[in-house]
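I have placed the structure first, in the form of structure tokens, so that the comments after it can refer back to it.
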Amino acid sequence: MDESDLDHPPRGAFCPLTDAAFPKGCRTCGAVYASADEFMRRTRPPAGGRSIKAVSDAGVRFLELYRNCGCGSTLMDFFAERRDASDAGDARRQRWVALLRCLQQQGLPPERCRAELRRLLLDQAPPDPSRPG
Ligand SMILES: [Zn+2]
């Protein structure tokens with residue numbers, strides 16, 4: 001994908017990885033983006049910064065997409081790189097969404113949920129405070 005396309009993305013070009021991703025709010029100015037399309041329309045790529053990063057976690061391929069809010073804050077969310085129409089791809093997305101919802105039902109904020117989920121999928125142990133050094 002050409003990054004310059006991100007300046008004027010076609011409608012529906014980006015599919016949020018999870019239903020829980022939207023509505024998305026900016027903590028700085030309070031702007032709310034109801035959908036992925038609205039998010040892409042009303043934000044701009046970060047000036048001089050990398051706006052998109054392809055990541056693969058535990059077989060789930062996705063994009064970390066960075067966009068600047070009208071207030072100048074940089075917002076990030078995960079988007080599906082492309083629809084994997086296979087049963088396996090669908091199963092991975094369903095598992096991701098189920099885990100994300102499970103975490104959110106624990107009362108964790110969405111950003112924290114996604115961070116925890118990534119850590120889980122990457123099989124990274126949380127920092128163990130009892131372990132010396
Ligand atoms: Zn903002």
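The values are calculated or read from the model by the stated rules, or taken from the named source; none is laboratory data. All values derive from a computational prediction rather than experimental measurement. All Cβ positions, glycine included, derive from the backbone under ideal geometry; neighbour counts span all protein chains shown.
Is it true that Lys24 is under 23 Å from Leu117 (Cβ atoms), in contact with a Phe, Trp or Tyr (Cβ under 7 Å, 6 or more places away or on another chain) and among the basic types (Lys, Arg)? Lay out the reasoning, then the answer.
Values: under 23 Å from Leu117 (Cβ atoms): yes; in contact with a Phe, Trp or Tyr (Cβ under 7 Å, 6 or more places away or on another chain): yes; among the basic types (Lys, Arg): yes.
Yes; evaluated as a whole, the condition is true for this residue.
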Cross-chain or 6+ apart pairs with Cβ under 7 Å, segment 64-79 first and over 14 Å from Arg41 (Cβ atoms) and β-branched (Val, Ile, Thr), then in a loop (DSSP other than H, G, I, E, B) and within 14 Å of the ligand (Cβ to nearest atom): Thr74/Pro46
Can you find a residue in segment 41-50 that is near the ligand (Cβ under 10 Å from one of its atoms), of a type outside the set (D, E, K, R) and modelled with pLDDT of 80 or more? yes
If I filter segment 26-40 down to residues being modelled with pLDDT of 90 or more and closer than 16 Å to Leu65 by Cβ, which single residue comes out as nearest to the ligand (Cβ to nearest atom)? Cys26
Out of all the residues in segment 91-98, is one or more at pLDDT 70 or above, in contact with a Leu (Cβ under 6 Å, 6 or more places away or on another chain) and outside any loop (DSSP other than H, G, I, E, B)? no
